[in-house]
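Computed from the coordinates by the stated procedures, all read-outs in this text should not be read as laboratory data. If you're wondering where the values come from, they're calculated on a predicted model, not measured in any experiment. Positions of Cβ are generated from backbone atoms using ideal geometry, with glycine treated the same way; all protein chains shown enter the neighbour counts.
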Amino acid sequence: MGKKIGIGLLGLGTVGTGVAKILQTPDKRHPLVRDIELVGVAVKNLERPREISIPTSILCQDPNLVIDNPAVDVVVEVIGGIEPARTLIMRAIRAGKSVVTANKAVIARHGEEIASAASKAGVYVLIEAAVGGGIPIIEPLKQSLGGNRIKKVTGIINGTTNYILSKMAKEKVPYKEVLEEAQKLGYAEADPAADVEGLDAADKIAILSGLAFGGSVERTNIPTHGINKLKSIDVDYANQLGYRVKLLAVAECLEKKENETNSLPLAVWVQPTLLPKEHPLAGVNGVNNAILVEGDPIGQVMFYGPGAGAGPTASAVVADILNIAGINFLGEKSGCLDPLLAASSWRMCHLASPNEIIQKHYLRVKTLDTPGVIGKIGTAFGEHDVSIQSIVQFDASQSGAEIVVITQEVNGEQMSKTLKEIQALKEVIGIEAQIGCL
Ligand code: HSE
């Protein structure tokens, strides 16, 4: 190959350092890695001690200088957060440079605007590292599964919360302690609330949904519940009943109703969910992520691997850089993009009402320990046509009893009507937990 591909790196934190390490050690990697050269790096603080050595001649504090550097062909944005990352990505596109980014927050909210600007400028914006860390999931959805009608995408797509839940279930380590560990290991977001409140997973499922179903949905309207309100007692009860609790992110294509517009209705949500121990996602532990894709005609296919951390995320960033290097190698000129890799939206989608989400539910109801209470709760379910899969009394003492119910599949409306009725029973002290269930 003739000229090397010049990389401008915006950010030298956990992921940026991982990317630089790969580019600096091309031995035994794909030969194309030798044709990629780091020519500019923007950092916040020039004085900060670093675990890798970067020539001072290519370091600077102003990311605009890196973008505008004529030696930079591809801009790699690994700063994170919405601004200034979004503005920098748009600037790079306007400068006619392809972009590789791990930024799920920006792509989930501004993906369409960015894709359309990139397509006008004839450049690529590639995002493999934005979802699932080192797991190849973006490219399979764009390319390898293109012949399918995708029905559902179900993922464990936040490494930090999966790490916390796995430790809570196995070692009974307190929540706070495990979160600190995840932060030290470089898994958690700068503000870990984004992980534990489910916002990071919601960004990621918005992106997967857009690729799987061909159109974006309003990110801010995705019903999102994290693990921050989950009680360890429910993880314990779930375990005793043969389930694991995982933070699931789901995007599902619903049937169009009569008179509905051309837009495709999608149910998209994030919530802690009970999974039967034999479910393929139940055994995904630690920082690992997994994404189960269901399509026609493929059936089910699962993508599994490390979902966060420097090495895995850098692996995905470099894969995208190589994709662009490969296209340059073929001598393709800008303005003639590979439509699968560029992945612009090709249809309208919209979020269905949360009432249309159909799933099983786990409920923990605190009641007085009086005769007939289970019967009354059972009757309330029956009146709203909700079948019960199991009902168990876990604890009875002077302070009351705890009744755990797992329902069969019901829609959100049936469930909220039933809950209102149960809440109104004089024997019921409160509904202490409501968690999804597969
Ligand atoms: N905080 C994220 C996680 C990092 O824990 O999954 C990877 O996107």
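Overall, the chain carries a charge dipole of about 660 debye about its Cα centre when +1 sits on the Cβ of Lys and Arg and -1 on the Cβ of Asp and Glu, all other atoms neutral.
Using a Förster distance of 51 angstrom, determine the FRET efficiency expected from the C-beta separation of D236 and V301, and round it to 0.05. Working shown, then result.
On the way: r = 33 Å, r/R0 = 0.64.
Approximately 0.95, to the nearest 0.05.
Counting only residues at least eight positions apart within a chain, or on another chain, the aspartates and glutamates with an alpha carbon under 15 Å from that of K44 are D62, E77, E83. The label-point distance for E112 and I431, in a model that sets each label 7 Å from Cα toward Cβ, rounds to 3.3 nm.
In straight-distance terms, cross-link reach from K184 covers every one of the lysines whose alpha-carbon lies under 18 Å from its own, apart from those fewer than eight places away in the same chain; here that gives K167, K176. Roughly speaking, what is the stretch gain from N411 to I358, that is 0.36 nm per residue apart minus the C-alpha to C-alpha distance, in nm to one decimal? Here the segment from N411 to I358 would lengthen by 18.7 nm. Taking Cβ atoms as reference points and 10 Å as the exclusive limit, the residues near G286 contribute a net charge of +2, counting Lys and Arg as +1 and Asp and Glu as -1. FRET efficiency for the pair E47 and M348, taken as 1/(1 + (r/R0)^6) with r the Cβ-Cβ distance and R0 = 45 Å, rounds to 0.35.
Simple point charges give the picture: +1 on the Cβ of Lys and Arg, -1 on the Cβ of Asp and Glu, and for segment 138-306 a dipole about the Cα centre of about 300 debye.
Using helices alone, what [θ] at 222 nm do you get for the chain, with -39,500 (n - 2.57) per DSSP H run of 4 or more residues, divided over all residues and rounded to the nearest 500? Don't skip to the answer; put the middle values down first.
On the way: 13 runs with 145 residues, N = 438.
Helices in the chain give a 222 nm mean residue ellipticity of -10000 deg cm²/dmol.
How long is the gain from K229 to K28 if the chain were fully straight, where each residue apart is worth 0.36 nm and the alpha carbon distance is subtracted? Present the calculation step by step, with values, prior to reporting the outcome.
Numbers: separation 201, 0.36 × 201 = 72.36 nm, distance 4.64 nm.
Stretched fully, the K229-K28 segment lengthens by 67.7 nm.
Taking packing as the residue-averaged number of other Cβ atoms within 10 angstrom, the listed peptides 100-111, 417-428 run from highest to lowest as 100-111, 417-428. A straight Cα-to-Cα reach below 16 Å connects K376 with the aspartates and glutamates D385, E402, E421, E427, residues fewer than 8 places away in its own chain not being considered.
Between the amide H of L38 and those of I7, distances stay under 5 Å, these residues lying 5 or more places away or on another chain, with hydrogens modeled in the peptide plane. The distance from the alpha carbon centre of segment 227-303 to that of segment 1-47 is 36 Å, rounded to a whole number.
Judged by the mean number of other Cβ atoms found within 10 Å, the most tightly packed of the peptides 8-18, 83-93, 406-416 leads the ranking 8-18, 83-93, 406-416.
Just want the ordering: H279, H30, from fewest to most Cβ atoms lying within 10 Å of their own Cβ. Show your work: numbers first, answer last.
Numbers: H279 17, H30 14.
In increasing order of surrounding Cβ atoms, one gets H30, H279.
For the chain, the relative contact order works out to 17 percent when only alpha carbon pairs closer than 8 Å and six or more residues apart are counted.
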